[in-house]
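Here the structure comes first, spelled out in structure tokens, and everything after it is commentary.
The values are calculated or read from the model by the stated rules, or taken from the named source; none is laboratory data. Everything numeric in this text was worked out from a predicted model, so none of it was measured. FYI the Cβ positions are ideal-geometry reconstructions off the backbone, even for glycines, and counts take in every protein chain you see. Surface accessibility is based on the protein's heavy atoms, side chains included, excluding ligands, DNA and RNA. Shrake-Rupley method; radii C 1.70, N 1.55, O 1.52, S 1.80 Å.
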Amino acid sequence: MMIVESSSQTLAPSRSSDRVLVIMAKAPRPGGVKTRLAPSLSPEAVTAFYCCLLDDTLALARSLGDVEVAIMCPDSDVDELSRLAGMQLAGKPASVVAQKGEGLAAGLDSVFAHFAEGHRTNALQRRIIAFNSDSPHLPHSVLEDAFETLAAHDVVVGPTHDGGYYLVGAKVSHPTLFAGDGMGTSSALERLLSRARALELSVGFAAPFYDVDVADDLTRLAEELRLDPARAPRTAAWLKEWDSTAH
């Protein structure tokens with residue numbers, strides 16, 4: 001396998017073009033999202049925070065302007081997330097698709113089975129990126145670069161500092177790429193790269209980043225958004241209020 005670090009700029013097709021950004025999401029229900037924040041926040045506060053993250057993630061997706069936006073979620077969450085997406089993406093429809101199977105690995109398999117294999121055309125080979133719902137503060141340029149990197153590789157991965165990844169992209173479905181355990185752990189990226197190596201897939205990398213899992217991540221994000229709230233305005237407002245009551 002060839003693992004190459006790559007960076008690039010924007011390209012600009014339209015809605016029926018080859019770029020699809022699929023947000024991996026859940027309905028914002030107490031006890032069902034961001035559970036590792038529970039020691040620091042009440043279940044209701046975690047849910048409110050997740051709503052802000054999701055809203056700002058949808059706004060980030062919409063800001064790309066030339067990308068088809070979709071949400072992949074558990075079947076039980078489709079109706080609720082369809083309402084939320086409809087409110088956030090007025091004028092730019094976002095499909096909400098139920099994953100097949102349980103858990104994140106099944107969700108990622110569903111992304112590429114549905115959007116790559118299920119929408120294959122003779123004219124275009126689509127570039128599909130699955131993106132988490134808790135990194136709305138990611139710079140716009142990183143997503144643009146990830147799509148460009150994917151043009152030259154079989155897979156693109158955005159590593160997180162804790163050993164996981166915040167995005168993964170491919171142009172076709174690789175059913176065993178997410179097989180096995182390790183999702184959501186410090187070995188998730190290592191396991192993904194090992195499976196890509198076994199499949200002889202070339203891998204390019206987006207810039208390393210962080211998502212929001214524990215209290216230290218909240219503190220870091222609050223400080224960053226205090227300096228630049230426009231990166232994720234609803235999340236910034238929520239964190240400003242949280243910070244003022246927590247200290």
Quiz prompt | region 204-209 - phi-based ³J(HN,Hα) in whole Hz, Karplus 6.51/-1.76/1.60, Gly and Pro as x | solution = x, 10, 7, 4, x, 8
Quiz item: What whole-number value in Å² describes the accessible area per residue of region 171-239 for a 1.4 Å probe?
Solution: 49
Exercise. Can you bin region 94-214 into rounded, prolate or oblate? Criterion: square roots of the alpha carbon gyration tensor eigenvalues sorted a ≥ b ≥ c, rounded for a/c under 1.5, prolate for a/b above b/c, oblate for the rest.
Key: rounded
Practice problem: Quick one: which residues, 5+ away or cross-chain, put their amide H under 5 Å from the amide H of Arg19? H built at 1.01 Å from N. | Solution: Glu68, Arg127
Quiz item: Going by average Cβ neighbours within 10 Å, how do the peptides 162-168, 72-78 rank, with the highest at the top?
Solution: 162-168, 72-78
Exercise. With the full set of protein chains in place, find how many percent of the accessible area of region 125-173 is carbon and sulfur; take the probe as 1.4 Å.
Key: 50
Quiz item: Which value, in Å², gives the accessible area per residue of region 30-89 when a 1.4 Å probe is used on the protein heavy atoms?
Solution: 39
Practice problem: Under 14 Å Cα to Cα from Lys100, which aspartates and glutamates show up? Leave out anything in the same chain fewer than 8 places away. | Solution: Asp75, Asp77, Asp109
Exercise. Rank-order 197-207, 45-55 by packing density, defined as the average count of other C-beta atoms within 10 Å over each peptide's residues, highest first.
Key: 45-55, 197-207
Quiz item: Going by average Cβ neighbours within 10 Å, how do the peptides 30-38, 143-151 rank, with the highest at the top?
Solution: 143-151, 30-38
Quiz item: Carbon-plus-sulfur fraction of the accessible area of region 32-113, 1.4 Å probe, in percent?
Solution: 56
